[in-house]
Amino acid sequence: MGDEIRERIVRAAREMFGRYGYRKTSLAEIADAARMGKSSLYHYFESKEDLFEAVLKAEINVADRRLNAAIGAETTPAAKLKAYVRTWLDLLKELSSTFEVLHNEGIDHLACYHVGKERAREAELLRLTAIIGEGVEQRVFHVDNVAATARAVQLGLHSLDDPWVIGDMDGFKEDIDRLIDLLLRGLQG
């Protein structure tokens, strides 16, 4: 029962933070949205920052599961990389409300932001390294340094996480497909 209530609070907080932003959302409003009293909310979360951290962790967990499922559904390194990039971009769009809060409100001073960002980047780099490494092992990708190539791909992907790109992701679909094809041709040397 406690986990269900905690999840309900996190869902309500995600919605409220996405709608009104971190600064303008009060714990009382989150408690109302979660259909509980504010004092009951403190039984599960010590502060608004603690609750925001739970929202970030929940979104990172969703992203991890979706990315792993997308990669796991494919059999070749090229297909895995395509699936990874497309799923990553879809997730950016879906989870953009939380990222917009971080970007627009300048609340990246929160410790939870840095911890979450670092965890997500590390997981991302591990996935990319594994995919590229598999491609090298199968002699499908031709790169001298798998780790450096994975970091370069990661850097390229993060050039797409700008809010103006996320906001018009559908308008960039063909360009993104061209970018993925260009990346794969480069790896396949």
* ALA69-LEU125 FRET efficiency (beta carbon distance; Förster radius 25 Å; 0.05 resolution) -> 0.85
* Asked: Using the C-alpha atoms of the chain, what convex hull volume per residue, in cubic angstrom, is computed?
  -> 121 Å³
* Structure fact -> Residue-normalised 222 nm signal for the chain, counting each DSSP H run of n ≥ 4 as -39,500 (n - 2.57), nearest 500 deg cm²/dmol, is -25500 deg cm²/dmol
* When only Cα pairs under 8 Å and 6 or more residues apart are kept, what is the percent relative contact order across the chain? -> 20 percent
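State which helices in the chain qualify, where a helix is a whole DSSP H run, it must extend 24 Å or more along its own axis by its Cα atoms, and its mean Kyte-Doolittle hydropathy must be at least -1.0. Mind dumping the intermediate values first?
Numbers: long enough: 2-20 (27 Å, -0.90); 48-72 (36 Å, -0.04); 77-94 (25 Å, -0.16); 111-137 (39 Å, -0.10).
Span-like helices, by this rule, are 2-20, 48-72, 77-94, 111-137.
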* Tally of Lys pairs whose C-alpha atoms are under 27 Å apart, taken over the stretch 1-104, 8 or more apart or cross-chain -> 13
* Given a Förster distance of 41 angstrom, what is the FRET efficiency for LYS24 paired with LEU182, based on the Cβ-Cβ distance and rounded to 0.05? -> 0.50
* **Pairwise FRET efficiency - MET1 versus ASP161, Cβ, R0 = 30 Å, nearest 0.05** => 0.20
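What is the Cα radius of gyration of the stretch 1-45 over 2.2 N^0.38 Å, N being its residue count? Intermediate values should be presented prior to the final figure.
Numbers: Rg = 9.7 Å, N = 45, 2.2 N^0.38 = 9.3 Å.
This ratio for the stretch 1-45 stands at 1.04.
Read the figures in this text as sums done on the coordinates, not as results from a lab. No experiment lies behind these values; they were computed from the predicted model shown. Cβ: placed from backbone, ideal geometry, glycine included. Neighbour counts: every protein chain shown.
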